[in-house]
Amino acid sequence: MIIFRYLCREILSATTAVCVILLLVLMSGRFVKYLGKAVAGDMDSNSIFAMIGYRIPSFLELTLPLAFFLAVLLSFGRLYVQNEMSVLKACGVSERRLMGYTLIIASVFALATGWLSLSVSPSGMTKAEALFDAEKSRSELDKLMPKKFYSLSGGKGVTYAEAVTEDRELDEIFLAMTAGSDENSDRRLILVLADKGRQQQAENSSERYLVMESGYRIEGVPGQNDYQITRFEEYGSRLEDSAPSIRKTKTDAMATGLLLGSNDPELQATLQWRLSIPLMVLVVTILAVPLSRTNNRQGRYGKLLPAIALYFTYLVALNAMRGALESGAIPISVTLLPVHAVYLGIAVLLLRSGGPKKSNAGQANGEVTA
């Protein structure tokens, strides 16, 4: 138990450190993307942290397998470099026994990853999709930022406001629109200048209007001298209704219960992907143990790069297989298990390849002793 607790502490501390770093990288990239949308007015700045919070479970689902894989490599690599592995083997603790200890820890991580993959992550994605749809349904005035020009729906004009209050009231408004319909355009241009403005909904309908106060309405054809200038105390311009969201719900946002009873290949492939994530944790653990074998010349980071390359080929192969299952190129009955079987076979070969090396080392030591 002392050895198990020692190994558990080493792997858990390394997993936590690597997972936090990977999670920060993913979250920072997503934060920059959402911040750009907020600056452009396509997203409410107050929704950024909520959107990132809903996506954290899906980030963890991706980072935990890689973090645990790297943690096993680093922990076992340190044991080899500092000759602790030689001491353990001299005390009768074999690599197979250490593999069993590591698989016990990996099983806990596999259960946690499965819980994220099957339950928490789809729920978070559903809430993120709902928030995204709510952002899409906002009108032009909801997206308006001070001192910036914004295009109106359908490209029929632009609007500008010098200042926007917390209640979404506008100061010093400029509005430019084209008159007539798309089929019957008469080249007339309408300019509206107003001191104040606000969004108002009609009493008996869902139509929304931009109501402006104390300003001028100028209408005419550019280049001609027959402009009509009208001063008003209150002027309303109807806002175009937001296009209804007809996006198909992403399969990653669907509850696992809905996937279980479906015959759709895309949904079945998504279900198999969710089940593959915890299985992947166990397979990469078996891969990491033989890949961590190193010596003082190589250092604990000597095999880190090829190990990471092998991990990403595993992930790419799973994604490619999932795409083939979704498109119907491969029957859904094949499942993702062949990919896991291939890399499990590679792990077994790597484990067996350590046998001859140990015997050769033992013979060399015997000759030196003789």
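The values are calculated or read from the model by the stated rules, or taken from the named source; none is laboratory data. Remember, predicted model here, so these are calculated numbers, not experimental data. As a convention, Cβ positions derive from the backbone with ideal geometry for all residues, glycine included, and neighbour counts pool all protein chains shown. All accessible areas refer to the heavy atoms of the entire protein, side chains included, with ligands and DNA or RNA removed. Shrake-Rupley method; radii C 1.70, N 1.55, O 1.52, S 1.80 Å.
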Selected residue (criterion: nearest to R293 (Cα to Cα)) from residues of the stretch 55-66 that are hydrophobic (A, V, I, L, M, F, W, C) and out of contact with any Leu (no Cβ under 6 Å at 6 or more places or on another chain) = L66
In the stretch 89-121, what residues are surrounded by 15 or more Cβ atoms within 10 Å (Cβ to Cβ) and among the charged types (D, E, K, R)?
-> E95
Selection within the stretch 90-111 - outside any loop (DSSP other than H, G, I, E, B) and at pLDDT below 80 = E95
Exclusive hit being aromatic (F, W, Y) and surrounded by fewer than 20 Cβ atoms within 10 Å (Cβ to Cβ), set F69, F49 | F49
If you check V39 against the conditions, is it over 20 Å from P122 (Cα atoms), of a type in the set (V, I, T) and at pLDDT 90 or above?
-> no
Looking at the stretch 216-226, which of the residues that are open to solvent by less than 100 Å² (accessible area, probe 1.4 Å) and free of Cβ contacts under 8 Å to residues at least 24 places away in the same chain is nearest to the chain's Cα centre (by Cα)?
-> G223
Any chance R55 is under 29 Å from A255 (Cβ atoms) and out of contact with any Ser or Thr (no Cβ under 6 Å at 6 or more places or on another chain) | yes
Looking at the stretch 316-333, which of the residues that are among the aliphatic types (A, V, I, L, M) and free of Cβ contacts under 8 Å to residues at least 12 places away in the same chain is farthest from L275 (Cα to Cα)?
-> A329
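Against the definition (in a helix (DSSP H, G or I), open to solvent by 40 Å² or more (accessible area, probe 1.4 Å), of a type in the set (S, T, N, Q) and on the phi < 0 side of the Ramachandran plot), how does S86 come out, yes or no?
yes
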When the stretch 229-254 is checked residue by residue, the ones that are exposed (fewer than 13 other Cβ atoms within 10 Å of the Cβ) and at pLDDT 85 or above are I229, T230, R231, E233, E234
Could you check, for the stretch 11-18, whether at least one of its residues is surrounded by 13 or more Cβ atoms within 10 Å (Cβ to Cβ), in contact (Cβ under 8 Å) with a residue 60 or more places away in the chain and not in a helix (DSSP H, G or I)?
-> no
State yes or no: is I52 assigned by the TED database to the domain that holds V72 and under 19 Å from the mean Cα position of the chain (by Cα)?
-> yes
Has the stretch 154-161 got at least one residue that is under 30 Å from D252 (Cβ atoms), at pLDDT below 70 and not aliphatic (A, V, I, L, M)?
-> no
